[in-house]
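These notes concern the structure reproduced below.
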Amino acid sequence: MKKIVNLILSITAFTLLTYYSYQTYNSAKELERVNKNYYEAQTDIKDLISRKFSSILSTISLGTIEDKDSKESKLNELKAERIILKESTKQSVIKLSIVALAIVLLYFILNLTTYTLLIGLSSLVTLIFGVITPILMIVIHKYVDYLGDIILSYESKTIIGTIQHLYSSQNYPVAIIILLFSIIVPLLKTILMITITILKEQHKANKLLKVFKHLGKWSMLDVFVVSLLLVYLSMGSSQNSYSEIENGLYIFLIYVILSIITSLAVEKLLKSKDKTI
């Protein structure tokens with residue numbers, strides 16, 4: 001009976017984590033789409049002048065000549081939609097964090113093997129969504145007298161998108177380093193930990209343990225590389241530009257925490273097996 005309850009708890013927790021990871025990714029991509037439309041609508045100088053002229057004309061005429069600029073109305077709609085989506089993405093991250101915390105606390109309920117497998121699979125899911133969800137938004141703007149702020153460019157960056165951009169712009173060394181230490185090594189390490197957990201025979205697990213310990217030496221490099229990536233992406237920020245952290249970074253942070261706990265759980269699992277031999 002206890003095994004069935006543990007299995008139900010594990011499946012439920014993993015399903016919720018996957019669902020909220022996807023929901024966080026989905027809301028982030030939707031916000032990215034709305035942000036793109038919102039900022040691109042402000043890059044056209046002719047439209048900006050037209051909207052300003054319509055606004056001034058409406059003010060001078062004391063409202064007798066109404067501003068019926070459909071583009072201005074569309075801009076206001078996008079602005080309102082941005083506010084709603086920002087709150088939605090915030091709630092998604094909070095829910096995902098709560099589920100991740102619940103999975104960590106299941107340590108006190110589940111047996112060690114089930115718990116290690118659960119948290120290993122959870123770290124794998126958050127890693128995947130962490131690298132495909134936008135981590136940073138960058139907007140470059142310039143203030144022009146009488147016209148106000150003019151948006152010059154808008155970009156939303158994901159880890160994997162940044163690697164593709166660096167590769168296409170022939171920044172091969174940087175692209176390879178980020179690919180290696182933010183995707184390949186974490187992915188291999190997570191899959192390896194899951195495999196070690198699944199293998200029941202001690203001698204098979206020991207064959208992979210040496211590789212696991214070797215990869216463990218690079219365990220914090222993923223955090224370091226992503227930190228460097230954020231610095232690189234936001235480099236040049238000034239009064240004419242600003243950047244904003246997006247959901248992908250929070251998902252990746254959850255992955256890092258779950259990955260560290262998975263490593264500790266795997267080591268404890270192997271030690272417990274040693275004692276039984």
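Label points 7 Å out from Cα along the Cβ direction at Thr15 and Ile184: separation in nm?
Result for the modelled spin labels: 3.7 nm.
Please arrange Tyr19, Tyr172 by counting, for each residue, the other beta carbons lying within 10 Å of its beta carbon, fewest first.
Starting with the residue having the fewest Cβ neighbours, the order is Tyr172, Tyr19.
Could you sort out which of Lys2/Lys189; Lys36/Lys95; Lys90/Lys157; Lys86/Lys157; Lys95/Lys189 sit more than 24 Å apart by Cα distance in this structure?
Flagged as over cut-off: Lys2/Lys189; Lys36/Lys95; Lys95/Lys189.
Efficiency by 1/(1 + (r/R0)^6): what FRET value for Tyr172 and Asn37, r their Cβ-Cβ distance, R0 = 35 Å, to the nearest 0.05?
According to the calculation, E is roughly 0.55.
Every read-out reported here was derived from the displayed coordinates using simple, explicitly stated rules and does not represent laboratory data. Just so we're clear, the structure is a prediction, and the values are computed from it rather than from any experiment. Reconstructed Cβ throughout: ideal geometry from the backbone, glycine too, with neighbour counts over all protein chains shown.
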